[in-house]
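Beneath this line is the structure, given in structure tokens, with notes to follow.
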Amino acid sequence: MSLHRLEIFVCVAKHRHITRAAQELRISQPSVSRQLKALEEDFGLVLHRKLSHGVELTPDGERFLKGAESILLQYDQLRANFKTGDATGDAEYLRIGASFYPSTSHLPALLTRFRQSHARVKIVSKFGVSEDLEHQVLDGELELALITSRGQSERVVYEPCGTGRW
């Protein structure tokens, strides 16, 4: 298994389409298919099924996706520490998620203001749909998320941001 294979799998899962993932990754569609097959062989699992207009993840694939995303996030954090010369591991991280509209309308200004007073904090951002981001907060993968719809969990604290109208 390699990080590259995990990145390919996560991209295919995001698009639910091998060709679109190949386009985003700028590699050939047959190469994406070969890497997915090799990943499945590495783990002895079927992670996806081909459909007439894309792919769907199997239940094993859905569970595998969560682990793959976690590994890639940790790798990004490690790379950020060493890339900036902070090899002590003392860097602090803010893992934040945002659904589409808040990621373009609110997040840039908020992060700019945050960085002014917290220069040493490294920000890892992730974008997705509100429901997925809420689950990532619950699973400890994100510290906070800007979402457009309130979820159902009683374990999450919801606070309005701005006017409350997106």
- request: Distance between Cα centroids, segment 1-25 to segment 100-122: provide it in whole Å.
  value: 28 Å
- prompt: So what is the calculated 222 nm ellipticity per residue for the chain, using -39500 (n - 2.57) for each DSSP H run with n of 4 or more, over all residues, to the nearest 500 deg cm²/dmol?
  reply: -16500 deg cm²/dmol
- prompt: When the label point is put 7 Å from the Cα of Arg63 along its Cα-to-beta-carbon vector, which residues of segment 25-43 have a backbone N closer than 14 Å?
  reply: 43
message: Test of understanding: in a Gaussian network model of the chain with alpha carbons linked when under 10 Å, which of Ala21, Ala38, Ala80 would top the mean-square fluctuation ranking?
response: Ala38
message: Can you give me the long-range amide H partners of Gly128? Hydrogens built in the peptide plane at 1.01 Å from N, cutoff under 5 Å, separation of 5 or more residues or another chain.
response: Ala98, Ser99, Phe100
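No value in this document is a laboratory result; all are computed from the given coordinates. Here the structure is a predicted model, which is why all the values come from computation and not from measurement. FYI the Cβ positions are ideal-geometry reconstructions off the backbone, even for glycines, and counts take in every protein chain you see.
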